[in-house]
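Below is one structure, written out as C-alpha cells; the observations come after it.
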Amino acid sequence: MMLPVALDRVLLVTLALFVPCVFSAAELSSVDSAPAATDQLKALNDQTIIQSSVWLDTEWDQFKHGAEEATWTVGGLWGWRVSDRQDGAVRLKVPFVYDRSDKSSGHANIGGLGDVEVATGTAFRLCKTWRTGGGIELHADTASNPALGDSVWRLHSSWSVAHDVANWLTLIPTAEYSHSVAEEHDVASQRYLELSLPITFIFPYDWSIATRYKAKTDFENGDRWTHTVDLGVAKRLPSIPVVLSATLEKTFDGSDKKFQVNFTMTYYFERYYAPK
C-alpha cells in the first residue's frame, strides 16, 4: 500500500535534516543533550526520545447524551541502544475498560479487557538539537465485549521530527497513518491520516507543559476533517524517576466525544541511559 503524500514529505524532510547534522552527531552520546529529568518530561509527547519505562494511565471520556467510558491502561516500553546515534524500542499497552452507555441503551454497565496494542519503533539523534523517529503499531481486536473495543485489527504507523528550539522549548511535527486490516461485527473499514504538532515547554523544578493540535482526515468517511486540541501538565518527582501528568483533550467539528481527561504515572528505568 502506498504511503500518503504527507507522510512521504515528512521522510524527505528527515533526510534533508540528516545531511547537515551527520558530522556533528558522531560525537553525541544518548545523554549529553539534556539531563535525565528533562528527557523524561519530553518523552511523554516525543517519540524521538526512547526511555525504558512502565506506566499506568487513567482515561475518562465524556460523550454526548450521558454516555461515559473509563479506561485504565497498563503499559511498558523497553528501549535499547542500536548505535551511538540510534535507539530501538518495543511497547505493549493492555487496557481495562468500563463503559456506561447513554439513556437510550438503558445505562447498561459493561467492564472488561479492551483492545491490546503492541508496537515497535526506532529513533535517531541527527545532531544536538534535531532528532527523528517513528514506528508501527498493531491494534488487536482483543476486547472481552464488542462495546469495549473497536472490533478491528488495525495497523498504525507514525513518524516525527523533533527540534529543540531552546533548552525549554521542543517542537515535534508528526504524521500518523492508520488502516484496518480486518473487521468484526459488521464494523466499517478504517483508514485515516493524522497530522499533529506537539509542543513541550520545560520549566524549572522539573515541571513541564505540553500542548498539541491535531488534524485528522477520515478517508472512509468522505475525507471528513476533525480537529483536536489538548493541554497537559507534568511533574517529575525529585527523588525517584517518576513523572506524574494530567491532560485535557477537546475534539471539535461535531464529535460525539465532549472531552477526554488523562492522569498518568510513569516510572523510568534510568539505568538504560546511565553515562558510559
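Computed from the coordinates by the stated procedures, all read-outs in this text should not be read as laboratory data. Since this is a predicted model, take the numbers as computed values, not measurements. Reconstructed Cβ throughout: ideal geometry from the backbone, glycine too, with neighbour counts over all protein chains shown.
Shape of the stretch 150-263 from the C-alpha gyration tensor: prolate (a/c of 1.5 or more and a/b above b/c, with a ≥ b ≥ c the square roots of its eigenvalues).
Take each peptide in 196-208, 213-225, 151-163, count the other Cβ atoms within 10 Å of every residue, and average; sorted highest first, the result is 151-163, 196-208, 213-225. Of 42/128; 93/235; 64/93; 42/250, which sit over 24 Å apart, Cα to Cα? Distance filter (> 24 Å) returns 64/93. Electrostatic tally near residue 251: other residues with Cβ closer than 15 Å to its Cβ, Lys and Arg +1, Asp and Glu -1, net -1. Near residue 227, once Lys and Arg are set to +1 and Asp and Glu to -1 for all other residues with Cβ below 13 Å from its Cβ, the sum equals +1. Taking 0.36 nm per residue of separation and subtracting the Cα-Cα distance, full extension of the segment from residue 215 to residue 248 would add 10.2 nm. Full extension of the chain between residue 70 and residue 227 gives 54.3 nm of extra length, using 0.36 nm per residue less the Cα-Cα distance. Here the calculated FRET efficiency for residue 240 and residue 58, from their Cβ-Cβ distance with R0 = 22 Å, stands at 0.65, rounded to the nearest 0.05. Here the extension length gained between residue 263 and residue 155 equals 36.3 nm, from 0.36 nm per residue of separation less the Cα-Cα distance.
Can you give the local net charge around residue 191? Use residues other than it whose beta-carbon is closer than 11 angstrom to its beta-carbon, Lys and Arg +1, Asp and Glu -1. Combined, the nearby Lys, Arg, Asp and Glu give -2.
With N as its number of residues, the stretch 83-207 has a Cα radius of gyration that, divided by 2.2 N^0.38 Å, comes to 1.36.
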